[in-house]
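These notes concern the structure reproduced below.
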Amino acid sequence: MSQKLCLITGVGEGTGASIARRFANSGYQVVMLARNKQRLARLESELPNARSFAVDLENLDQLVEFCSTVKTEFGIPYVIVHNAVRATFEGFLDGKLDDLERNFRVNTTSLFYLVRAFAPEMIKRGDGAIAVTGNTAAFRGVPNYALFSPTKAAQRNFTEALARDLGPKGIHVSYFNIDAVIDVPWTRDRFHPDKPDDFFIKPTDIAEEVFRVAHQPRSAWSFDVEIRPFGEKW
């Protein structure tokens with residue numbers, strides 16, 4: 001395979017799409033995964049060397065089949081970006097009983113499946129990168145995030161275990177704490193219609209940082225990467 005392969009989960013209209021554009025425009029073959037088939041098709045038509053697959057990460061059988069297809073048709077990724085997220089914002093007494101497990105499956109269990117599918121060949125090759133996008137929910141419990149933040153904490157913990165295991169084998173694993181509201185139309189319209197542009201983090205800037213970290217020299221790898229707008233309080 002002449003081109004390096006980048007596999008991206010959770011390719012929506014914001015961060016995922018921007019990451020896909022950044023890698024595709026830098027010469028990568030890009031494989032995109034999300035649930036929305038129509039949105040994926042539009043993005044695929046825009047990008048050079050991009051393929052999309054409509055997969056629901058709650059369905060682990062679908063994910064296993066997808067991984068097999070990628071191996072057969074494209075080979076082993078050089079970069080895996082796990083950007084998919086499922087979130088519910090309710091207290092533990094108010095949320096649906098299965099929301100915790102469903103959030104966990106998308107945020108953490110699917111990452112486990114992806115890495116188990118591709119890491120053995122990445123280890124044999126001796127290089128590559130795995131990037132996981134997260135947020136401050138991974139570091140603190142908040143009452144109305146009770147069914148979401150535990151899954152992000154587990155996600156980061158698992159990612160750290162991967163980094164400590166795979167790093168010495170040549171695979172750079174990193175976790176991105178995106179401490180900001182991402183600038184996509186639905187976040188502006190629903191939550192922050194009156195906020196200025198400086199309040200939001202731009203998906204293109206997130207993508208730039210993911211790309212940069214995925215290509216860090218081996219003598220200076222990052223694991224925890226925090227990014228936020230200059231005016232964000234923290």
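We did not get these values from a lab; they are worked out from the coordinates using the rules stated. What you are looking at is a predicted structure, and each value in this text was computed from that prediction instead of being measured. In this analysis, Cβ positions are derived from the backbone assuming ideal geometry, glycine residues included, and neighbour counts consider all displayed protein chains.
Is it the case that residue 102 is over 29 Å from residue 121 (Cβ atoms) and either outside any helix (DSSP H, G or I) or out of contact with any helix residue (DSSP H, G or I) (no Cβ under 8 Å at 6 or more places or on another chain) (or both)?
Details: over 29 Å from residue 121 (Cβ atoms): yes; either outside any helix (DSSP H, G or I) or out of contact with any helix residue (DSSP H, G or I) (no Cβ under 8 Å at 6 or more places or on another chain) (or both): yes.
Yes.
Scan the range 166-182 for residues that are within 22 Å of residue 121 (Cα to Cα) and β-branched (Val, Ile, Thr) and jot them down.
Answer for the range 166-182, where residues must be within 22 Å of residue 121 (Cα to Cα) and β-branched (Val, Ile, Thr): 171, 173.
Search the range 174-198 for residues that are without any contact (Cβ under 8 Å) to a residue 60 or more places away in the chain and hydrophobic (A, V, I, L, M, F, W, C) and pair each with any residue that is part of a loop (DSSP other than H, G, I, E, B) and loosely packed, with under 10 Cβ neighbours inside 10 Å when their beta-carbon atoms are under 9 Å apart and the residues are at least 6 apart or on different chains.
181/191
Considering only the range 186-197, I want to know if a residue exists there that is in a helix (DSSP H, G or I) and buried (at least 18 other Cβ atoms within 10 Å of the Cβ).
The answer is no; no qualifying residue exists.
Can you confirm whether residue 218 is over 20 Å from the mean Cα position of the chain (by Cα), within 30 Å of residue 169 (Cα to Cα) and either of a type in the set (D, E, K, R) or surrounded by 10 or more Cβ atoms within 10 Å (Cβ to Cβ) (or both)?
Working: over 20 Å from the mean Cα position of the chain (by Cα): yes; within 30 Å of residue 169 (Cα to Cα): yes; either of a type in the set (D, E, K, R) or surrounded by 10 or more Cβ atoms within 10 Å (Cβ to Cβ) (or both): yes.
Taking the combined requirement at face value, the residue satisfies it.
Any chance the range 49-61 includes a residue that's over 17 Å from the mean Cα position of the chain (by Cα), more than 17 Å from residue 110 (Cα to Cα) and either among the acidic types (Asp, Glu) or assigned to a helix (DSSP H, G or I) (or both)?
no
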